[in-house]
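K.L.:
One structure is given below, represented as structure tokens, and several questions about it will come after.
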Amino acid sequence: MTEAQGRPCRVGIAGAGSIAFGSAALLHVNGHDPMLWSPSGASTAALAGAPLTATGGVETSFIPRVAGSAEQLVAENDAILIALPGYGHKPVFDALAPHLRDGQHVIISSHASFGAVYLMQLCAARGVTPAITAWGTTAVTGRRGEDPSVKVNTVRKKVDLCTVPETRSDCARAVCTRLFGDVFVPRDGLLAITLSNLNPQNHLGIALGNITRMERGETWSQGQNVTPKVGALLEALDAERLAIVAALGLKTKNIFEHFSQSFHVPEASVSEMNQQMHAQGNGGTGPATADSRYVTEDVPYGLQPTAVLGRLAGVPAELHEAGIKIFSAMYGRDFTAENDILNALELDRFSLDDLREAARTGLLQKAPAAAT
């Protein structure tokens with residue numbers, strides 16, 4: 001992005017849910033000009049002439065621009081933010097890729113399943129090289145209302161990121177900082193970003209421990225119900241993830257840093273931190289349906305990539321693998337087969353070294369065979 005530093009950035013947001021609305025509000029209060037696009041059009045219909053109102057961590061009311069197509073979203077904005085569930089990434093990438101410009105900045109909030117590699121492959125086929133930045137999590141958390149409103153629960157103080165190709169990393173971080181604030185922590189490539197998103201493992205433990213509440217449609221406090229035994233499971237899942245991180249020679253935050261930095265509580269046990277969050281009123285409300293992204297998104301798009309990396313690194317993620325099997329049995333579906341990005345990339349054809357290279361360049365290709 002080469003526009004003058006004084007001019008507001010035009011940011012196209014693919015998505016119109018809680019994170020998209022919260023991100024648009026944050027961009028607006030930071031002096032920028034967001035545009036929202038709902039692939040179906042249904043989620044932006046309420047914005048026709050009506051303001052988007054944000055409360056909580058961001059307080060504002062404004063009328064955002066609305067795009068009618070992927071082509072318009074790309075054409076009329078300097079940068080693009082992907083802000084929708086992981087299961088929506090591939091169709092949105094397919095829709096955006098034919099229109100992205102060389103050097104245009106794309107931010108994936110938050111990155112799932114080597115999506116940056118999939119998008120880069122599509123663009124490379126056109127001879128176009130965008131700068132694709134992958135975030136380990138979202139800049140905000142929140143919950144969308146029935147009307148065009150969002151309650152922003154928190155604005156994160158730290159967000160992990162990396163960019164492909166890695167030669168654009170410094171410029172991309174500067175753009176993200178300008179748009180969302182000085183909260184970004186560079187990580188060493190997509191493997192680190194893939195392993196830095198703690199939400200899927202945390203949601204595994206929370207959903208498993210509270211599945212009957214979800215099925216019954218109860219209203220329940222998430223933070224309060226991260227009881228000591230649920231917290232112990234979350235800590236064990238995190239130890240498993242960190243073992244994979246260490247085997248790959250990478251570095252990411254641990255679960256204690258995650259809760260402390262994201263929700264502004266002092267480090268303690270995971271259960272104790274969640275009890276503090278509940279007492280402060282920001283422990284969140286747990287899902288009131290079994291058809292929740294905690295399972296339908298996070299199992300195939302969060303747990304499955306971690307399991308794949310664990311196997312490739314020789315450090316099997318046994319609790320993650322067990323969680324995938326348990327939820328597949330509960331829901332009567334094979335979550336290992338539902339990740340359309342992993343399926344399209346056919347990772348089983350590539351080695352760990354191939355993935356390491358893709359994490360730097362964005363291009364997944366087999367290394368030349370050694371001469372004999």
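K.L.:
Kindly check whether there is at least one residue in the range 235-258 that is touching a strand residue (DSSP E or B) at 6+ places or on another chain (Cβ under 7 Å), open to solvent by 10 Å² or more (accessible area, probe 1.4 Å) and farther than 24 Å from Arg173 by Cα.
P.N.:
no
K.L.:
Something else now. Taking the residues in the range 28-48 that are free of Cβ contacts under 8 Å to residues at least 24 places away in the same chain and in contact with a strand residue (DSSP E or B) (Cβ under 8 Å, 6 or more places away or on another chain) as candidates, determine which candidate is least open to solvent (accessible area, probe 1.4 Å).
P.N.:
This residue is Ser38.
K.L.:
May I ask you to say which residue of Val230, Val226 is in contact with a Leu (Cβ under 9 Å, 6 or more places away or on another chain), part of a helix (DSSP H, G or I) and either of a type outside the set (Phe, Trp, Tyr) or more than 30 Å from Leu355 (Cα to Cα) (or both)?
P.N.:
Val230
K.L.:
Separate question: Do we find a residue being over 19 Å from the mean Cα position of the chain (by Cα), surrounded by fewer than 18 Cβ atoms within 10 Å (Cβ to Cβ) and hydroxyl-bearing (Ser, Thr, Tyr) anywhere in the range 291-303?
P.N.:
no
K.L.:
Going residue by residue through the range 28-37, is there one that turns out to be among the acidic types (Asp, Glu) and in a strand (DSSP E or B)?
P.N.:
Checked the range 28-37: at least one residue is among the acidic types (Asp, Glu) and in a strand (DSSP E or B).
K.L.:
I'd like the full set of residues that are open to solvent by less than 50 Å² (accessible area, probe 1.4 Å) and in a helix (DSSP H, G or I), limited to the range 352-362.
P.N.:
Scanning the range 352-362 gives Leu352, Asp354, Leu355, Ala358, Ala359, Thr361.
K.L.:
Quick one: how many residues across the range 265-290 are over 17 Å from Leu234 (Cβ atoms), in contact with a helix residue (DSSP H, G or I) (Cβ under 9 Å, 6 or more places away or on another chain) and open to solvent by 60 Å² or more (accessible area, probe 1.4 Å)?
P.N.:
3
K.L.:
Is it the case that some residue within the range 203-222 is crowded, with 21+ Cβ neighbours inside 10 Å and within 12 Å of Gly136 (Cβ to Cβ)?
P.N.:
no
K.L.:
Modelled with pLDDT of 95 or more, charged (D, E, K, R) and within 20 Å of Thr154 (Cβ to Cβ): which single residue out of Glu76, Glu71, Glu59 fits that description?
P.N.:
Within the list Glu76, Glu71, Glu59, the selection yields Glu59.
K.L.:
Looking only at residues that are among the hydroxyl-bearing types (Ser, Thr, Tyr) and out of contact with any Asp or Glu (no Cβ under 6 Å at 6 or more places or on another chain) in the range 79-118, which one is farthest from Met35 (Cα to Cα)?
P.N.:
That would be Ser113.
K.L.:
Can I ask one more? Please tell me if Arg349 is surrounded by fewer than 22 Cβ atoms within 10 Å (Cβ to Cβ), of a type in the set (Lys, Arg) and under 20 Å from the mean Cα position of the chain (by Cα).
P.N.:
No; evaluated as a whole, the condition is false for this residue.
K.L.:
Same structure again: Within the group Gly284, Gly323, Gly332, which residue is modelled with pLDDT of 95 or more and at positive phi?
P.N.:
Only one candidate qualifies: Gly332.
K.L.:
So how many residues does the range 140-170 have that are surrounded by fewer than 16 Cβ atoms within 10 Å (Cβ to Cβ), part of a helix (DSSP H, G or I) and touching a residue at least 60 places away in the same chain (Cβ under 8 Å)?
P.N.:
Looking only at that region, the number is 0.
K.L.:
With the structure loaded, tell me whether Phe180 is of a type in the set (Phe, Trp, Tyr), closer than 21 Å to Ile108 by Cβ and out of contact with any helix residue (DSSP H, G or I) (no Cβ under 6 Å at 6 or more places or on another chain) or whether it fails that test.
P.N.:
So Phe180 passes the test.
The values are calculated or read from the model by the stated rules, or taken from the named source; none is laboratory data. Quantities reported herein were computed from a predicted structural model and do not represent experimental measurements. Virtual Cβ from ideal backbone geometry, glycine too; neighbours counted across all protein chains shown. All accessible areas refer to the heavy atoms of the entire protein, side chains included, with ligands and DNA or RNA removed. Shrake-Rupley method; radii C 1.70, N 1.55, O 1.52, S 1.80 Å.
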